[in-house]
Ligand code: ATP
Ligand code: MG
């Protein structure tokens, strides 16, 4: 295990604690990821000391440079120091006991073993000694190594205790399963099902952190399937849960929109690590349950689901404590526009329709195309190819029109101010009418995107509205 301690940080800590005669260990994610061969170069490092974590942090900071900053979290009895690309967390070994209504434990000083027992999973409870005389010794009381080899998520203690003590661990189980492509051991999984209601005592911020990590895993459907099957999804994200299931009427069946959605999320995850574009994939059909209708001629329809979906985004983001700033607006825009390229690819593509799409999507047009391509989840290979070929045509057209007309960040060449001055009028509704007419004329290709053409067009339209040019 000495290989895990290649980083000079560990020697420095070892020197300090050995001189003081205090046992210390590297624990948790760093050990796990080292053994899994996951990238550990800029990983957080968790140091466990049988004594004061805060004291050790100060001594370590002094050793590496007297002006090194130590961030102390007094309530948790922990401290953090940044060193090169690492964030090093110093924690005193502790024993925890819990009250039923809170995930905040009553904490006492404890031994290494007490501390390993309070950890969430066996794969996160492995420790490597940093004391000089036992340097590199591997301490794995719950066989985490074997669980790593068999890709298993298992709690060190009775799972009912682990999950009931801190229900966030249920989310973490699903998240690690999705992130590492591990399976949750049977007894552990059954205990999640039994304890799902306890998730209600966990703050939404912590829950959404885990959801985000699931979304960012290579194959996020793994996590979402687990959330759905365990019953957690209905409690933490009911709008997504309500998408599952199929209905058959008069022999006509619609697809399972939950399964479709997580397939789209998997598809898009092969193309992008952008969390918000992945969120857009997760939300693109969110209003399908709300807009579902049966029509004997047409079968199942979901008219306007893109519009209603976009309207649902702010409430869902607020509920989940996701940011309400430009990221939310971006997801909303993606949801609203997600059918537009599909419609274009099915029709004769006119320049004017392409210009309008470019205008509405702006700089997000490339992301929108990625979303639309991910949205094709047919089982029929020929059909997928046909759709993708059509999208290729749309992409080509977008490129041609953009090169010709630069619509992406299009600002109509005539401002409200020019209109007001030209006709010598006060700000009034005619100004808006004219501005819109100019924008439409350019997007529809009636006039080129040039000042002179737009000005002439404005004069003509103004006249039609009964306005006179100031002389
Ligand atoms: P990552 O940083 O990739 O999310 P990690 O394993 O480092 O993974 P952290 O949340 O940083 O996870 O926590 C560090 C360690 O602290 C974990 O490995 C685990 O041993 C322990 N731990 C964290 N959260 C909990 C919890 N809710 N219950 C029990 N132990 C926990
Ligand atoms: Mg960590």
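Only helices (runs of 4 or more DSSP H) whose full extent lies in the stretch 102-165 are considered here, and the ones with at least 1 residues that are surrounded by fewer than 17 Cβ atoms within 10 Å (Cβ to Cβ), in the same structural domain as residue 189 (by TED's automatic domain parsing) and at pLDDT below 95 are 159-165.
Looking only at the stretch 77-91, count how many residues are within 12 Å of ligand 2 (Cβ to nearest atom) and either surrounded by 17 or more Cβ atoms within 10 Å (Cβ to Cβ) or free of Cβ contacts under 8 Å to residues at least 40 places away in the same chain (or both). So the count comes out to 5.
There is at least one residue in the stretch 106-129 that is within 12 Å of ligand 1 (Cβ to nearest atom), within 17 Å of residue 44 (Cα to Cα), within 25 Å of the chain's Cα centre (by Cα) and touching a residue at least 60 places away in the same chain (Cβ under 8 Å). Every condition in (1) more than 30 Å from residue 14 (Cβ to Cβ); (2) within 12 Å of ligand 1 (Cβ to nearest atom); (3) buried (at least 16 other Cβ atoms within 10 Å of the Cβ) holds for residue 177 except the one numbered (2).
Whenever a residue of the stretch 37-65 is farther than 22 Å from residue 116 by Cα, its partners that are more than 16 Å from ligand 2 (Cβ to nearest atom) and assigned to a helix (DSSP H, G or I), lying with C-beta atoms within less than 7 angstrom and at least six residues away or across chains, give the pairs 59/16; 60/12; 60/13; 60/16; 63/12; 63/16; 64/12.
With surrounded by 15 or more Cβ atoms within 10 Å (Cβ to Cβ) and closer than 24 Å to residue 318 by Cα as the only criterion, which of 262, 192 stands out? First the steps, then the outcome.
Working: 192 fails: closer than 24 Å to residue 318 by Cα.
Of 262, 192, the one residue that is surrounded by 15 or more Cβ atoms within 10 Å (Cβ to Cβ) and closer than 24 Å to residue 318 by Cα is 262.
With respect to residue 421, determine if the residue is farther than 20 Å from residue 453 by Cβ, over 30 Å from the mean Cα position of the chain (by Cα), touching a residue at least 40 places away in the same chain (Cβ under 8 Å) and part of a helix (DSSP H, G or I). In short, no.
The residue list 27, 49 contains one member that is within 30 Å of residue 149 (Cβ to Cβ), more than 15 Å from ligand 2 (Cβ to nearest atom) and assigned by TED's automatic domain parsing to the domain that holds residue 85, which is 49.
One residue is enough: does the stretch 26-42 have a residue meeting the conditions assigned to a loop (DSSP other than H, G, I, E, B), more than 13 Å from ligand 1 (Cβ to nearest atom) and buried (at least 18 other Cβ atoms within 10 Å of the Cβ)? Among the residues of the stretch 26-42, not one is assigned to a loop (DSSP other than H, G, I, E, B), more than 13 Å from ligand 1 (Cβ to nearest atom) and buried (at least 18 other Cβ atoms within 10 Å of the Cβ), which makes the answer no. Just one of the listed residues (248, 214) is over 24 Å from residue 339 (Cα atoms) and at pLDDT below 95, namely 248. The one condition from (1) within 16 Å of ligand 1 (Cβ to nearest atom); (2) at pLDDT below 95; (3) surrounded by 16 or more Cβ atoms within 10 Å (Cβ to Cβ) that residue 51 does not meet is (1).
Looking across the stretch 72-88, the residues that are in contact with a strand residue (DSSP E or B) (Cβ under 7 Å, 6 or more places away or on another chain), within 15 Å of ligand 1 (Cβ to nearest atom) and over 19 Å from residue 105 (Cα atoms) come down to 80, 86, 87, 88.
The values are calculated or read from the model by the stated rules, or taken from the named source; none is laboratory data. If you're wondering where the values come from, they're calculated on a predicted model, not measured in any experiment. Backbone-built Cβ (ideal geometry, glycine too); neighbour counts: all protein chains shown.
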